[in-house]
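Note sheet for the following structure.
Rule-based calculations on the coordinates, nothing more; no lab input. Note that the coordinates shown come from a computational prediction; the quantities given were computed from them, not determined experimentally. Cβ sites come from the backbone with ideal geometry, for glycine too, and all protein chains shown count toward neighbours.
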């Protein structure tokens, strides 16, 4: 398996994957150019968020010589899972989920209700919608819970 714990030198690549996926998946929903193309930047994401010990210790990367994706886990929840857009549909996301299930017994994730691609992806990997919804913090958009 090509999955390992993230280290400080990995964070710029993790942030790059996060930033571009965020722009692709969330800008069409939130339409907040100031955030997506202004505030959300690789360097500030690393410095202000990813370098926090509590965050870094819960990030695992798919690394086959190049970091192509990552997963952030908190307890039994998948907090984030992103794969570099150029390497999507190669099974990397599925490997990250399987790793999280086997190693951490993850059993749920919250996804933006309008992010149909993410919901379909998790359903393809055995998750089902519970019917639980809540507002995404600081927005008018809902997130939905999926469980194994």
Checklist entry - Any residue at all in region 30-38 that is touching a helix residue (DSSP H, G or I) at 6+ places or on another chain (Cβ under 7 Å), farther than 27 Å from residue 140 by Cβ and surrounded by 14 or more Cβ atoms within 10 Å (Cβ to Cβ)? => result no
Checklist outcome for this item: Inside region 53-63, the number of residues satisfying the requirement of being loosely packed, with under 11 Cβ neighbours inside 10 Å and more than 17 Å from residue 78 (Cβ to Cβ) is 1
Next on the checklist: For the structure I just gave you, tell me whether residue 21 is part of a helix (DSSP H, G or I), touching a residue at least 40 places away in the same chain (Cβ under 8 Å), closer than 17 Å to residue 117 by Cβ and in contact with a strand residue (DSSP E or B) (Cβ under 6 Å, 6 or more places away or on another chain).
Outcome noted: yes
Checklist entry - When region 2-15 is examined, which residues are found to be out of contact with any strand residue (DSSP E or B) (no Cβ under 9 Å at 6 or more places or on another chain) and either assigned to a loop (DSSP other than H, G, I, E, B) or more than 15 Å from residue 71 (Cβ to Cβ) (or both)? => result 8, 9, 12
